[in-house]
Amino acid sequence: QPAGANVNFVEMGEDGCVSLRTYEKGVEGETLSCGTGVLAAAVVAERLAGDRPGQALSVETNGGRLQVGVAETDRGAERYLEGPAEPVFRGTVPRPNLDRA
């Protein structure tokens, strides 16, 4: 478990799906998902596989399966994420703590 660093471990499956596990600094442990890591893994997988931009790619994380889509624009290929989102924590911060922030 790396301390003080963001690290993504990526596995490319034969079925075309990419699996991703992420450890994040500040959390100092594995997270359910990381949008930046998912997009980076998708770009690398696309290049390694020789696929053309414009094809959706599935990335499996501990938080669920995400789809990375590609839209061609006048600035080149832009990627976007689609997938489930759920609250994983609810809490209350006392006002004095906000004033010190």
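Read-outs throughout are calculated quantities, based only on the coordinates presented, and are distinct from any laboratory measurement. These numbers come from a predicted model, not from an experiment. For neighbour counting, all protein chains shown are included, and Cβ atoms are generated from backbone atoms with ideal geometry for every residue, glycine included.
Relative to the Cα centre, what is the charge dipole magnitude of the chain, using +1 at the beta carbon of each Lys and Arg, -1 at the beta carbon of each Asp and Glu, and rounding to the nearest 20 debye? Before the final figure, lay out each step's value.
Values: 10 positive and 15 negative charges, 92 e Å.
Roughly 440 debye for the chain.
Whose amide H sits under 5 Å from the amide H of Cys17, counting only residues 5 or more places off or on another chain, with H placed in the peptide plane?
Amide H neighbours of Cys17, under 5 Å, 5+ apart: none.
Loop-only check: which trypsin sites (Lys or Arg not before Pro) in the chain are DSSP coil with at most 15 other Cβ within 10 angstrom? List each step's numbers first, then the result.
Numbers: sites: Arg21, Lys25, Arg47, Arg65, Arg75, Arg79, Arg90, Arg100; in loops: Lys25, Arg75, Arg90.
Sites meeting the loop and neighbour criteria: Lys25, Arg75, Arg90.
One quarter of the convex hull surface, Cα atoms only: what value does that give for the chain in nm²? Mind dumping the intermediate values first?
Working: hull surface 36.7 nm².
Convex hull of Cα atoms, orientation-averaged projection: 9.2 nm².
Share of antiparallel DSSP beta bridges in the chain, in percent to the nearest 5?
Details: 21 of 23 bridges.
Counting DSSP beta bridges with both partners in the chain, the antiparallel share is about 90 percent.
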